[in-house]
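Chemist: Here it is, the structure, as structure tokens.
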Amino acid sequence: MPKPSPTQVLLKVQATALNPVGYKSIKHFPGFIVKKPCVPEFDCSGTIVALGTKVSRWKVRDEVYGITPADAVFKTGHGSLAEYTVVEQDNLYHLSLLTDWIDVKNRNS
């Protein structure tokens, strides 16, 4: 299981987006570009289960969605196609923001 750096959260992944760039990059890029073994994918949503020591925007049990940039996944090998992943606190958003936007859009249709 990955451990969060001081500015990261550990996320229990509930959903991840599948993107062909993730697995193709791992398959075709040499090891000096992509750390091997590497868990692919970048977009995810889930529940925060642990906080880095400098995380101030979030708390354990917050439901969030966000992204781990490809360069970070390729350097660390920790993508979102896993049970748990680490994400920088600034790359996350409250899941309620997304669901509220969907609800408002549906009510206005």
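The values are calculated or read from the model by the stated rules, or taken from the named source; none is laboratory data. Nothing here was measured: the structure is a model prediction, and the numbers come from that model. So basically every Cβ, Gly included, is an ideal-geometry build from the backbone, and we count neighbours across all protein chains shown.
Chemist: Within the stretch 49-100, restricting attention to residues that are among the charged types (D, E, K, R) and free of Cβ contacts under 8 Å to residues at least 12 places away in the same chain, which residue is nearest to Phe29 (Cα to Cα)?
Modeler: Per the criteria, the residue is Asp71.
Chemist: OK, next. Given the conditions (1) in a helix (DSSP H, G or I); (2) β-branched (Val, Ile, Thr); (3) at pLDDT 90 or above, and given that Val86 satisfies all but one, which numbered condition is not satisfied?
Modeler: Val86 satisfies every listed condition except (1).
Chemist: Hey, another quick one. If Val64 satisfies all but one of (1) of a type in the set (Val, Ile, Thr); (2) touching a Leu at 6+ places or on another chain (Cβ under 6 Å); (3) farther than 13 Å from Leu92 by Cβ, what's the number of the condition it fails?
Modeler: Going through (1) of a type in the set (Val, Ile, Thr); (2) touching a Leu at 6+ places or on another chain (Cβ under 6 Å); (3) farther than 13 Å from Leu92 by Cβ one by one, Val64 breaks only (3).
Chemist: Exactly one condition in (1) in a loop (DSSP other than H, G, I, E, B); (2) within 17 Å of His78 (Cβ to Cβ) is false for Ser56; which is it?
Modeler: Of (1) in a loop (DSSP other than H, G, I, E, B); (2) within 17 Å of His78 (Cβ to Cβ), only one is false for Ser56: (2).
Chemist: Okay, moving on. Mind checking which residues of the stretch 36-69 are over 17 Å from the mean Cα position of the chain (by Cα) and either buried (at least 18 other Cβ atoms within 10 Å of the Cβ) or of a type in the set (Lys, Arg) (or both)?
Modeler: Those that are over 17 Å from the mean Cα position of the chain (by Cα) and either buried (at least 18 other Cβ atoms within 10 Å of the Cβ) or of a type in the set (Lys, Arg) (or both): Lys36, Lys54.
Chemist: Applying the selection to the stretch 10-27, what residues are free of Cβ contacts under 8 Å to residues at least 60 places away in the same chain and among the charged types (D, E, K, R)?
Modeler: Once the filter is applied, which keeps residues that are free of Cβ contacts under 8 Å to residues at least 60 places away in the same chain and among the charged types (D, E, K, R), the stretch 10-27 yields Lys24, Lys27.
Chemist: Pick from Ile102, Ile33: which is part of a loop (DSSP other than H, G, I, E, B), exposed (fewer than 15 other Cβ atoms within 10 Å of the Cβ) and modelled with pLDDT under 75?
Modeler: Answer to the check: Ile33.
Chemist: Let me ask you something else. Determine which member of the set Val49, Val64, Val13 is over 12 Å from Thr85 (Cα atoms), at pLDDT 85 or above and part of a strand (DSSP E or B). Spell out how you get there, then give the answer.
Modeler: Numbers: Val49 fails: over 12 Å from Thr85 (Cα atoms); Val13 fails: over 12 Å from Thr85 (Cα atoms).
Going through Val49, Val64, Val13 in turn, just one is over 12 Å from Thr85 (Cα atoms), at pLDDT 85 or above and part of a strand (DSSP E or B): Val64.
Chemist: One residue is enough: does the stretch 18-28 have a residue meeting the conditions of a type in the set (Ser, Thr, Tyr), surrounded by fewer than 20 Cβ atoms within 10 Å (Cβ to Cβ), at pLDDT below 80 and over 13 Å from the mean Cα position of the chain (by Cα)?
Modeler: Taking every residue of the stretch 18-28 in turn, at least one turns out to be of a type in the set (Ser, Thr, Tyr), surrounded by fewer than 20 Cβ atoms within 10 Å (Cβ to Cβ), at pLDDT below 80 and over 13 Å from the mean Cα position of the chain (by Cα).
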